[in-house]
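Reading through the structure tokens given below for one structure.
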Amino acid sequence: GKYRVVSTKPMPGTRWINLLVDQGCRVEICHLKKTILSVEDIIDLIGNRCDGVIGQLTEDWGETLFSALSKAGGKAFSNMAVGYNNVDVEAANKYGIAVGNTPGVLTETTAELAASLSLAAARRIVEADGFMRAGLYEGWLPHLFVGNLLKGQTVGVIGAGRIGSAYARMMVEGFKMNLIYFDLYQSTRLEKFVTAYGQFLKANGEQPVTWKRASSMEEVLREADLISLHPVLDKTTYHLVNKERLAMMKKEAILVNCSRGPVIDEEALVNHLRENPMFRVGLDVFEEEPFMKPGLADMKNAIVVPHIASASKWTREGMATLAALNVVGRIKGYPIWSDPNRVDPFLNENASPPN
Ligand code: GLV
Ligand code: GLV
């Protein structure tokens with residue numbers, strides 16, 4: 001091939017490879033037997049000739065790597081992820097390298113995991129599973145693993161973008177929860193959905209669901225029974241959930257995080273879980289992956305899974321394909337397929353700007 005494209009990891013499916021090869025690229029996939037590549041590993045991979053790279057969210061794409069990629073003639077980098085807090089987009093742009101991410105294909109998959117963690121936490125499924133396997137079940141009891149009924153409770157969504165909105169719809173429609181959300185943008189589509197569903201329920205003689213756009217994050221934390229975090233990780237959302245904000249939440253609330261670990265002060269969370277046994281949490285992401293803060297693994301009121309929110313076959317193949325499209329598009333002189341700097345026209349089609 002005319003162009004050399006490197007993928008720092010083997011990725012699911014073959015569509016992404018075929019797509020690159022069809023467009024005249026030679027694809028090199030790194031098969032190093034270590035989970036997380038260092039900056040030095042990646043510099044070796046880039047070598048002295050590389051047109052584009054598909055990288056992973058575990059890698060530190062900053063000044064050093066973009067400078068190396070630029071020296072090798074590189075024009076494009078795509079994260080195989082929607083989040084790009086591991087990428088210094090400014091540094092990339094300084095070297096004339098376009099950056100892409102992979103939104104859209106993981107919206108529903110990620111929302112479904114957030115919903116799974118919500119239900120698992122509400123009904124104490126992991127705890128109950130451990131109890132069965134330990135041979136502790138001696139027969140039905142009125143008090144055994146009593147959890148929360150979601151119907152009629154309030155789901156709080158912080159960050160109502162694609163994923164947060166999809167999650168909100170699932171919880172409202174699936175479990176007849178009322179919605180309170182906080183986002184800088186108004187999600188008119190989401191509001192219309194809840195209104196219409198509420199009217200449908202009312203017409204059928206059921207309690208209608210309601211929605212409210214909160215004027216602050218604190219309002220969501222105080223009022224919701226189940227809260228799911230879907231913000232982008234940046235300076236403004238680092239430790240968004242800290243000791244003070246945990247204290248505002250209901251004692252029996254459930255908190256779910258499928259965004260990025262540092263959005264929660266994990267040490268404060270461990271203390272809060274210890275002091276509030278009825279408070280439950282479902283976590284897909286951690287402050288310093290792959291590690292958990294001391295004590296978290298011992299908490300029965302925490303469910304922890306290893307950053308698998310986008311892990312469905314369809315989605316992962318889609319992410320790989322989008323990442324390949326990003327890179328090859330730019331190499332061929334088109335704008336990057338999904339540029340995180342560009343406002344997403346689908347996401348914001350009904351949105352009004354922040355006030
Ligand atoms: C996964 O965490 C992603 O950002 O796609
Ligand atoms: C990410 O895809 C989001 O906008 O929620």
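Before moving on, here are some points about what is shown:
- Selection from region 282-297 of residues that are more than 16 Å from ligand 2 (Cβ to nearest atom) and either out of contact with any helix residue (DSSP H, G or I) (no Cβ under 9 Å at 6 or more places or on another chain) or not acidic (Asp, Glu) (or both): GLY282, LEU283, PHE286, PRO290, PHE291, MET292, LYS293, PRO294, GLY295, LEU296, ALA297
- Here the helices (runs of 4 or more DSSP H) wholly within region 199-286 that include at least 3 residues being closer than 19 Å to SER118 by Cβ are 217-223, 266-275.
- Positions within region 151-189 being in contact with a Lys or Arg (Cβ under 8 Å, 6 or more places away or on another chain), closer than 21 Å to ASN301 by Cβ and assigned to a loop (DSSP other than H, G, I, E, B), in sequence order: MET177
- A single entry from ASN93, ASN48 fulfils the requirement of being over 27 Å from the mean Cα position of the chain (by Cα) and either over 30 Å from ARG169 (Cα atoms) or assigned by TED's automatic domain parsing to the domain that holds LEU233 (or both): ASN48.
- Count - residues of region 94-125 that are hydrophobic (A, V, I, L, M, F, W, C) and not in a helix (DSSP H, G or I): 5
- Of all residues making up region 25-46, the number that are closer than 18 Å to ALA72 by Cα and either in contact with a Lys or Arg (Cβ under 8 Å, 6 or more places away or on another chain) or hydrophobic (A, V, I, L, M, F, W, C) (or both): 12
- Taking every residue in region 73-88 that is assigned by TED's automatic domain parsing to the domain that holds VAL99 and pairing it with any residue that is away from ligand 2 (no atom under 15 Å from the Cβ) and of a type in the set (Asp, Glu), at least 6 positions away or on another chain, the pairs with Cβ-Cβ distances below 8 Å are GLY73/ASP51; GLY74/ASP51; LYS75/ASP51; ALA76/ASP51; ASN86/GLU59; ASN86/ASP60; ASP88/GLU63.
- Among the residues making up region 1-27, those that are out of contact with any Gly (no Cβ under 7 Å at 6 or more places or on another chain), surrounded by 15 or more Cβ atoms within 10 Å (Cβ to Cβ) and closer than 14 Å to GLY55 by Cα are VAL6, SER7, LYS9, MET11, PRO12, TRP16, VAL27.
- Residue count, region 259-292 (criterion: of a type in the set (D, E, K, R) and in contact (Cβ under 8 Å) with a residue 60 or more places away in the chain): 4
- Count of region 102-131 residues which are surrounded by fewer than 24 Cβ atoms within 10 Å (Cβ to Cβ) and more than 16 Å from ligand 1 (Cβ to nearest atom): 13
- Failed condition for PHE286, given (1) of a type outside the set (Lys, Arg); (2) touching a Gly at 6+ places or on another chain (Cβ under 6 Å); (3) surrounded by 21 or more Cβ atoms within 10 Å (Cβ to Cβ): (3)
- Selected residue [surrounded by fewer than 19 Cβ atoms within 10 Å (Cβ to Cβ), within 16 Å of ligand 2 (Cβ to nearest atom) and of a type in the set (Ser, Thr, Tyr)] from THR195, THR188: THR188
- Members of region 28-48 found to be loosely packed, with under 15 Cβ neighbours inside 10 Å and in contact with a strand residue (DSSP E or B) (Cβ under 6 Å, 6 or more places away or on another chain), listed by number: ILE29
- VAL99 vs. criteria within 16 Å of ligand 1 (Cβ to nearest atom), more than 23 Å from ILE308 (Cβ to Cβ) and crowded, with 22+ Cβ neighbours inside 10 Å: yes
- Annotation note: of ALA128, ALA68, ALA91, the sole residue that is more than 16 Å from ligand 2 (Cβ to nearest atom), part of a helix (DSSP H, G or I) and in contact with an Asp or Glu (Cβ under 6 Å, 6 or more places away or on another chain) is ALA91.
- Within region 287-316, the set of residues being part of a helix (DSSP H, G or I) and not β-branched (Val, Ile, Thr) comprises LEU296, ALA297, ASP298, LYS313, TRP314, ARG316.
The values are calculated or read from the model by the stated rules, or taken from the named source; none is laboratory data. This is a predicted model, so every value here is computed, not measured. All Cβ positions, even for glycine, are placed from backbone atoms using ideal geometry, and neighbour counts span all protein chains on display.
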